[in-house]
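Enquirer: Let me begin by handing over the structure; questions about it come next.
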Amino acid sequence: MKNRFIVAALFLLAGLLVILIPTVLFPVCESEMKMACYYTKQAEIGVGAVILLLGIVSALFSEKRTRAGISIAQFFNGALVLALPFKLTGLCKMSDMACKAKTQPALIVIGVLILVIAGVNFGYLASTGSKDD
Amino acid sequence: MIKSKIRSILSGVKSRIFYSTCLVITTAVLSFMLFSGSIIKSSLNKGMDNMDRRLGSDIMLVPKGSREEAENLLLEGQRGTFYFDGSVDDKVKDIEGISEVTSQCFLKSLSADCCSSEVELVFYDPDTDFVVGPWIETNYKNSLKKDDVIVGSDIVTENGTIKLFGKDYEVVSQMAKTGTALDSSVYFSSESMASVIADAEEKNSFLTEEQKDGDILSSVFINLNAGYNEDDVIRECHEKAGDVFDVVYPKQLNESLSDNLLRITDIVGAVILIGGVLLFGILVLINSVIIESRKQEVALLRVLGNSKGKMAAMLISETGIVSLFGSLVGCLLGALIVIPFGRYIGMSLSMPYLGPDFIGSTLQIIFIMAIVFLVALVSSIVFVFHVTGIEPYLALKKEAE
């Protein structure tokens, strides 16, 4: 029971941070032109919303298998958080641009934390048997 | 045998989960602090050493009114678009006391999609240069040809070429990392300047009248012969070239930065020291509670035939494993935050900052883990000897009472 709500709260918070990092906390470069970082911001808002919603959904299910499945999904969402600025949509190339100096490091931190939370939770659920809570 | 020992140590840790968690958190915070502090300190020092090498001239002449921009160029590598007449270097080169003169001209790439392709263009004279050369990583001895470029370490090239204003240029060499905006510069020979400006005009990039004119320079770097006074040489330069320039003294700039660095590293050191002492106190407190609460358990095990040494080893192993785990968590968390945010830290402090490489970070993690492990052992050793030294009979009698 405790694990269910703690992990759901962590995912919810992580999803919220993925949305807030490129928009409010460490915003991407401001420009009238739509640069690569603008599209990364839009994509991160979408991925963040999915992480947040899956966090809420995981609190609703007591079945461990379902929650383990959600953890796997969150693991890949975490990988997506990292892949967007590095590979898929990219950021500005100059290292002193706001998106490169602030947004990218913050996304690395939250992306890695999502991977760790999802991975550890999956391991925990897999190792504690199939009894639901 | 080893497996069963590890299992018994882990079950001991699990049975005191609250105190073990406190120990993990304390060692993690201590390691985080030590790791982050040491990485920031060493990166600032490395950035400063790099700057020492980058400030490759005794004096630097820049257009009048652009001294501040020029100082930013030296500190953070950010180039401005300031210009004076292209003949300034010729006018001053024969002045007595000047040993070397070289000039550079800066131009920002103003292509449409700013971020994906904007770079700073630097035109320099490879024949007289003594500023760019020391930064070229690969051995590139040939003189730079017209369509060749040298690029900063952050510039991504495609198949050894880079496209600027619609034209492909061959990348003949890449500069070493400086940790500043210099890393996103492209270096051309001065003879390419006219054609690059023509290409930029053709692509409708915004250029000022000065830039279109082409016969311009952004800075003149001068080295003096030993024994000559800087002020005398500058007076002579003013006489020959007119009152068109301001003077930047890279070495003075370096000294003031060194003072700043010293102040920053002092603050980092003080925070680490105070925090470290505080956390050591907390570690002593936690260890005293954990180990003292095990008096009876140790006494019972000793009655069953275990030696004092074996009991001490068991207690020390438990503390060691928990502190190593905490230390690893703290170091990884520190690496996760401090390494990616390196550029931002440097920008916030207005200091040159050159982050550690993978091997350097790994060695630092191992070093910090070893230190924290030793600190945890020192903080527990008195209690371990005290608990294992009590006569089993007395300890058990106390429990019975």
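Enquirer: Mind checking segment B:8-99 for GluC sites (Glu not before Pro) that DSSP puts in a loop (not H, G, I, E or B) and that have at most 16 other Cβ atoms within 10 Å? List each step's numbers first, then the result.
Expert: Working: sites: B:Glu68, B:Glu69, B:Glu71, B:Glu76, B:Glu96; in loops: B:Glu96.
Taking segment B:8-99 and a limit of 16 other Cβ atoms within 10 Å, the loop GluC sites (Glu not before Pro) found are B:Glu96.
Enquirer: Under a point spin-label approximation (7 Å from Cα along Cα-to-Cβ), what is the A:Leu53-A:Glu30 distance to one decimal in nm?
Expert: Computed distance between label sites A:Leu53 and A:Glu30 equals 3.1 nm.
Enquirer: So which chymotrypsin sites (Phe, Trp or Tyr not before Pro) in segment A:41-133 end up in coil per DSSP with only 16 or fewer other C-beta atoms within 10 Å?
Expert: Working: sites: A:Phe61, A:Phe75, A:Phe76, A:Phe86, A:Phe122, A:Tyr124; in loops: A:Phe61.
Qualifying residues, ordered by number: A:Phe61.
Enquirer: While we're here: Would you please give the FRET efficiency between B:Gln252 and B:Asp94, computed as 1/(1 + (r/R0)^6) with r the Cβ-Cβ distance and R0 = 22 Å, to the nearest 0.05? Spell out each step's value before the answer.
Expert: Details: r = 26 Å, r/R0 = 1.18.
Efficiency for this residue pair is about 0.25.
Enquirer: Among all the aspartates and glutamates, which ones have a C-alpha under 20 Å from B:Lys308's C-alpha, if same-chain residues fewer than 8 places away are not counted?
Expert: The reachable aspartates and glutamates, counting only those whose Cα sits under 20 Å from B:Lys308, are B:Glu292, B:Glu297, B:Glu318, B:Glu391, B:Glu399.
Enquirer: Evaluate E = 1/(1 + (r/R0)^6) for B:Leu285 and B:Leu349, where r is the Cβ-Cβ distance and R0 equals 30 Å; express this FRET efficiency to the nearest 0.05.
Expert: Values: r = 35 Å, r/R0 = 1.17.
Efficiency for this residue pair is about 0.30.
Enquirer: Given R₀ = 41 Å, what would the calculated FRET efficiency be for B:Ile6 paired with B:Ile274, taking r from the Cβ atoms and rounding to 0.05? Kindly include the intermediate steps, with their values, before the conclusion.
Expert: Numbers: r = 36 Å, r/R0 = 0.88.
The computed FRET efficiency comes out at 0.70.
Enquirer: Moving to a separate point now. Roughly how many Å is it from the Cα centre of segment B:205-264 to that of segment B:15-49, as a whole number?
Expert: Result: 43 Å between the Cα centres.
Enquirer: Could I ask something else about it? Given the options B:Thr208, B:Thr265, B:Thr362, which has the most mean-square fluctuation in a GNM of chain B, springs set between C-alpha atoms less than 10 angstrom apart?
Expert: Taking springs between Cα atoms under 10 Å, the residue moving most is B:Thr208.
Enquirer: I've got another one for you. Before anything else, pin down the relative contact order of chain A: Cα pairs under 8 Å, at least 6 apart, normalised by residue count, whole percent.
Expert: Working: 180 pairs, mean separation 45.9, N = 133.
So the answer I get is 35 percent.
Enquirer: For labels at B:Asn45 and B:Val378 in the simple 7 Å Cα→Cβ model, what's the distance in nm?
Expert: My value for the distance between the label points is 2.0 nm.
Enquirer: With springs only between Cα atoms under 10 Å apart, run a GNM on chain A and tell me which of A:Ala79, A:Ala101, A:Ala118 wobbles the most.
Expert: Ranking A:Ala79, A:Ala101, A:Ala118 by mean-square fluctuation puts A:Ala101 first.
Enquirer: Continuing with the same structure: Please report how far the C-alpha centroid of segment A:69-133 lies from that of segment B:312-358, rounded to the nearest whole angstrom.
Expert: 20 Å
Enquirer: Okay, next question. Among B:Val338, B:Val220, B:Val382, which one shows the biggest mean-square fluctuation in a GNM of chain B, springs joining Cα atoms closer than 10 Å?
Expert: Looking only at B:Val338, B:Val220, B:Val382, the biggest GNM fluctuation is shown by B:Val382.
Enquirer: Aspartates and glutamates near B:Lys41 by alpha-carbon distance under 19 Å, same-chain residues fewer than 8 away left out - which ones?
Expert: B:Asp49, B:Asp52, B:Glu76, B:Glu255, B:Asp259, B:Asp266, B:Asp357
Enquirer: What percent do you get for the relative contact order of chain B when only Cα pairs under 8 Å and 6+ apart count? Intermediate values should be presented prior to the final figure.
Expert: Values: 600 pairs, mean separation 120.9, N = 401.
Reported relative contact order: 30 percent.
Enquirer: May I ask what percent, to the nearest 5, of DSSP beta bridges between residues of chain B are antiparallel?
Expert: Values: 28 of 37 bridges.
Among the beta bridges of chain B, antiparallel pairing accounts for roughly 75 percent.
Every read-out reported here was derived from the displayed coordinates using simple, explicitly stated rules and does not represent laboratory data. Bear in mind that the values here come from a model prediction, so they are computed numbers and not experimental data. Neighbour counts run over all protein chains shown; Cβ positions are idealised from the backbone, glycine included.
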